[in-house]
Each structure stands twice: as C-alpha cells, then as structure tokens.
Amino acid sequence: MVFDLKFSEEQERIRQLVRDFVEKEVAPGAAERDEGEDFAPTYELMKKMGKLGLMGLPYPQEYGGAGADQISYALAGFEINKVDASLGCAYSVHISLSGWPIFHYGTEEQRQKYSIPMFKGEKLGAFGLTEPNAGSDSGASECTAVLEGDYYILNGTKCFITNSGYADIYVVFAMTDKSKGIKGISTFIVEKDTPGFNFTKQERKMGIRSTVQRVIEMENVKVPKENLLGKEGEGFKIAMTTLDGGRIGIAAQGAGIAEGAYEYALGYAKERIQFGKPIAAQQVIAFKLADMHTKIEAAKLLTLSSAWKKDNHLPFSKDAAMAKLFATDTAMEVTTEAVQVLGGAGFLRDHPVERMMRDAKITQIYEGTNEIQKLVISGLILR
Ligand code: CAA
C-alpha cells in the first residue's frame, strides 16, 4: 500500500504550530522538570496546549477537537518528544488511551459529558488497564465490577497509571463476569473524585520523570451504570483497539526522542575538535551519525504509514505494532549512540542526551513490551 508523502498545508501548519510551542514553552525547562520529578509543571504545559487546540487534535471540531488527522498527530508527537518525552507520554495517554475509547465507543451523552471537555483541554484523561498480575497478560484482570441497582461496584488494584491523581477522567477495565475470561471484561468511565477511587503509591522512575504514575486502589467505587463504555464483555476488544492506536503515538514518541538525541549529537560532533579536526570528520563518528539518521527516517516512515492507514480506515494493527517496535528500539539505540558521540560529556546531566537515553527505555516497555509487539506482528502474518 503506497501512501502520500507530501504533507498538506494543514499538516504543515500543525507541525509548525507545535514546533513553535515546543521551542518557546517546552524546551527551556525540560531538564529542570526532569530533575524536579514532579508532574505539576508538565500539567501546566498541557493546559497551554489546550488553549492551542492540541488536547483534542485528531478529533472533530463539533466535539471540541481540532479536526486534524492521525498524520498531524504523529507530526505533533515527533516535535514534542524531540524535546520532552514526559510531556509526550502524558499527551499520548490523554489523546490515544483515554480520549479515543470514550469518543469511539461512547454514547452521545458520554461524548457530550466527557469527550468535549477533554478535547477542549479542560479535563485530563487517564487509562487504567494494567494490574499487579495483569501486565503483558492484560486479559488476566483481577479487578471486579458488580452491578447493584443503578451502579457498578468496582474493586481491585490498578498500577502504573499515567496522569493519575491529576486526570479528571479514567477509562478503567474490570471483570463483570469472571467465568467468561477475557469476554467477561468491561470498561467504565470513572471520575476522579468518586469515593473509594484511591491514589496510593507514586512511582519513582529511571526516565520520563516529569510524568506521574500511581497505583490506584479501588474500594467499592460506585460507578453509575450509564458510565459503562460499550457493552458488558466488550472490554478486551476496547483495550486492544485502543492500544492499536496508542502504539502510533508511542512510535512517534520513539522517533521523536531519537531525532532529538541525533540532532544534539550531530551539532556536538561538528563543534568538538579532537586530533585537530571536528570529530564528525572522523569516519567512525560520521558512520554512527549515518546509521542514526537512517534508522530515524525509517522509524518516521513506519509511524506515518500506520497513521495514514488509520486515517484511511484500513487495518493498521500490524503496522502500528511494527512502527512501535522499530521506532522505540531505534530510540534506545540512537540515544545510546548519542551519549557515545558526546563521550564523557554525554554522561553528564549538562547535556540532554543522558535524559533522552533514560526516557527512551520506557518506550520499549509500555503500551505493550516490544516482545508483545512481536507476538502481535507474528500472529497477524501467520494467521
Ligand atoms: N483488535 C481487535 N480485537 C483484538 C485485537 C485487536 N488489536 N487483538 C486481539 N483481539 C481479539 C482477538 O481477535 C481475540 O478475539 P476472539 O476470541 O473473538 O477470536 C481476542 O481478542 C483474544 O486475542 P488473543 O488470543 O490474541 O489475546 P491474548 O490474551 O493472547 O493477548 C496480547 C493478546 C496482544 C498479548 C494483549 O494482551 C496485549 O496487547 N498485551 C499488552 C498489554 C499492553 O499493551 N499494556 C499496556 C498498558 S497501557 C500503558 O502502557 C500506558 C502508559 O502508561 C503509557
């Protein structure tokens, strides 16, 4: 399937809008926010993104979105993640993992009540799938939801929940019928202040340190039955289709992180003199830069082609998994090489490449480890 590589004026406009915002507002404090290990300043940036129409970028204008396509969303992802992968992570969870399932599977009432304020940037979203005993095996959920009168009563533990504590709206998965296995999982929209929805342990991490991930303990959380998303038993399908789209966002993140590190290393290699000439003039460094650049271009193309397929309503699960796998492995490789190009300087916190290398690691793990992507890809090519 061939896709059109020429960006439209609107796609270019969005890319430039995001690039300007990132240069002016995001780049200056990225290192400081990482050191602070606090989501609050990242959250402030997201409020500004809301004012620019970015918090509902790929959703229709009549629902508070910007009416842009997935290609534009991928371009925005490249730009944001080149500079700040923490912001990129929080943004991707809002747009892809909570915004999309509510908009796609929601009733008109749910869209009016939840999608519009989310897309206008007035409310932040989160996604509660992972549990202590249901990581890669997301169908092994132990959380329960029991219908009692007009409410579902939710119990159990969710972990690694990005944006938690700050997000207003949570897409939460729980078993309504354990006897049916994955066909017994259902999805609920849970509002932050619901009694019994308790934010507990805040994780301390290697990277994306200016995001927040918490454990959520649910103790008899009363969710109105009209907050069931989709039908009872549809939860696993909702989770899988949501993650298909989310993986385009993480692919864009991987390519963006890699490009940020590559551009920094390129600039450094042209300036740094050793043995009487810039290190970029040493073939050993020039070849590293050539490999980095080639892999980044390939990662971007895979990301854009999966976004294009989604825009054109073509099957894209395999493409999104391939893009996520390749782009995030590229992020890890390129950031590691970028540190190497800088030598001892690259190991110091004075340069952003050490942060980028730490941030890259999680992209190989979340939204399905890269081993799970290989399971998805091989499953689809062998069926
Ligand atoms: N779309 C629609 N349906 C799908 C699907 C998809 N992409 N993938 C699977 N299904 C359906 C299958 O067709 C099958 O349906 P039938 O029974 O009707 O045939 C059913 O779901 C079960 O499929 P599998 O047998 O393939 O399911 P499985 O139990 O073997 O698991 C898996 C599949 C791919 C391993 C899945 O569990 C998975 O993706 N795991 C990774 C979880 C993950 O990505 N977690 C990320 C958490 S969120 C996060 O990280 C956010 C953050 O902080 C940034």
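Its alpha carbons give the range 201-323 an Rg and a Dmax of 21.7, 72 Å. As a calculated quantity, the FRET efficiency between Asn155 and Leu380 at R0 = 30 Å, using C-beta atoms, amounts to about 0.30.
For Pro132, what is the net charge nearby, where nearby means another residue's Cβ is under 14 Å from its Cβ and Lys, Arg count +1, Asp, Glu -1? Net of charged neighbours comes to -2.
What do you get for Rg/Rh over the chain if you use C-alpha atoms and the Kirkwood form of Rh?
Numbers: Rg = 20.8 Å, Rh = 21.1 Å.
Expressed as Rg/Rh, it is 0.98.
Ordering of 275-288, 249-262, 231-244 by packing is 249-262, 231-244, 275-288, highest average first (other Cβ atoms within 10 Å, averaged per residue). On full extension, the segment bounded by Glu219 and Leu52 gains 56.4 nm, given 0.36 nm per residue less the C-alpha separation.
Compactness ratio for the range 9-119: Cα radius of gyration over 2.2 N^0.38 Å (N = residue count) comes to 1.06.
Could you compute the FRET efficiency for Asp177 and Val284, with r as their C-beta to C-beta distance and R0 at 51 Å, rounded to 0.05? Don't skip to the end; give the middle numbers.
Details: r = 60 Å, r/R0 = 1.18.
Using R0 = 51 Å, I get an efficiency of 0.25.
If only the Cβ of Lys and Arg carry +1 and only the Cβ of Asp and Glu carry -1, the dipole of the range 125-235 around its Cα centre is close to 420 debye. Counting only lysines at least 8 places from Lys277 when in the same chain, those with an alpha carbon closer than 21 Å to its own are Lys288. The label-point distance for Ile365 and Glu226, in a model that sets each label 7 Å from Cα toward Cβ, rounds to 4.1 nm.
Here the peptides 18-24, 77-83, 112-118 are ranked by packing, the mean other Cβ count within 10 Å, and the order with the highest first is 77-83, 112-118, 18-24.
Semi-axes, largest first, in whole Å: what does sqrt of 5 times each Cα gyration tensor eigenvalue give for the range 169-210? Working shown, then result.
Details: eigenvalues 145, 50, 19 Å².
After scaling each eigenvalue by five and taking roots: 27, 16, 10 Å.
Between the range 120-144 and the range 355-383, what's the alpha-carbon centroid distance in Å? When both Cα centres are located, 18 Å separates them. Which is farthest toward the positive dipole end of the range 129-177 among Ala174, Ala145, Asn133, measuring Cα position about the Cα centre, with Cβ charges +1 (Lys, Arg) and -1 (Asp, Glu)? Result: Asn133. Here each label is just a point 7 Å from Cα along the line to Cβ, and for Ser136 and Lys120 those points are 4.4 nm apart. Note on the range 237-381: the C-alpha convex hull projects to 9.1 nm² when averaged across all orientations.
Counting 0.36 nm for each residue step from Met206 to Asp4 and taking away their Cα separation leaves a gain of 68.9 nm.
Could you give the Stokes-Einstein D for the range 71-110 in µm² per second, using the C-alpha Kirkwood radius, 37 °C, 0.692 mPa s?
Stokes-Einstein gives a translational diffusion coefficient of 298 µm²/s.
Bear in mind that the values in this text are calculations on the coordinates, not laboratory data. Small disclaimer: the values here were computed from a predicted structure and weren't measured. Cβ atoms come from the backbone with ideal geometry, glycine included; neighbour counts cover every protein chain shown.
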